[in-house]
Amino acid sequence: MTRRYPIVRHRELWPSIPWSALRRRALVAKADEILVYRTGRDVYMDGTADASLAARATAVSVVDLSRDVTLISAWTLAARDSALDFPARVTYRCTVVDPIEVVRASSTDAVRNTRRFLTRDREPSGLHRAYAPGDERGLHEALTTLVTARLARRTVPGVRVLAEVHVGPADLHAMEA
C-alpha cells in the first residue's frame, strides 16, 4: 500500500490565519473519496451541512471510499519435523462504510495505520511446527480461525474488513548464503 488508508489526507484549519499566509490549496476529494469536516465535537460529510458550518470547520479529512482496498500480510510457517516451510498469506479487503465514524476514531491506531493494526501479530508463532508437510488444509483452517478471532476483537471503526487466508504447499525455504 503506497498511500494512507482510510484517511488519505488530513488538515487542521486555523481560521485566524488567512489561507494566503499558509500558501496551501484547499483539500479536494478525488473520485471514490469524500471530505469530512470537524467542527468542535461535530463531524459531518461534505454536502450534508450548510455553508456556515463548513466555514467554521476546525479540521478536514479526505476519506477513501474505494471498495475492497487490499492489505496483505504474508510470512512462512515452519512445518513439523522438517526443513520445509508453508507460505501463508492473509488478504484483508477493507471498505469504508461510515466515513464519519472513521474521522471520529482518527486518533486510534486502527484508523491512523490500518495496515499495522490488522497485521499487528505478524507471525502466528503458535502455528510454527504444528502441521506436517502436506497438511495445508489443517494449517489453513487453524489460521482462518485465528484471523477470524482477531478480526472479532480488533475492529476498524467505520470500516468493514473481510479476510481471506491462503496457505501454499510446504517447500524448502531459501537458504542464507
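The values are calculated or read from the model by the stated rules, or taken from the named source; none is laboratory data. What you are looking at is a predicted structure, and each value in this text was computed from that prediction instead of being measured. Cβ coordinates were reconstructed from backbone atoms using ideal geometry, including for glycine residues, and neighbour counts include every protein chain displayed. Surface areas here come from the heavy atoms of the whole protein model, side chains and all, with no ligands, DNA or RNA. Shrake-Rupley method; radii C 1.70, N 1.55, O 1.52, S 1.80 Å.
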- [ ] Could you pull the accessible area for HIS166 with a 1.4 Å probe, rounded to 10 Å²?
- [x] 90 Å²
Task: For ASP42, solvent-accessible area (1.4 Å; no DNA, RNA or ligand), Å² - done: 100 Å²
TODO: At 1.4 Å probe size, with no ligands or nucleic acids counted, give the accessible surface of GLU33 in Å², nearest ten.
DONE: 20 Å²
TODO: Can you tell me which of 144-154, 103-113 comes out highest on packing, and rank the rest after it, using the mean Cβ neighbours within 10 Å?
DONE: 103-113, 144-154
- [ ] Would you please give the FRET efficiency between LYS30 and ARG153, computed as 1/(1 + (r/R0)^6) with r the Cβ-Cβ distance and R0 = 35 Å, to the nearest 0.05?
- [x] 0.60
TODO: Sticking with the crude label model, points 7 Å out along Cα→Cβ, report the distance from ALA83 to ASP68 in nm, one decimal please.
DONE: 4.1 nm
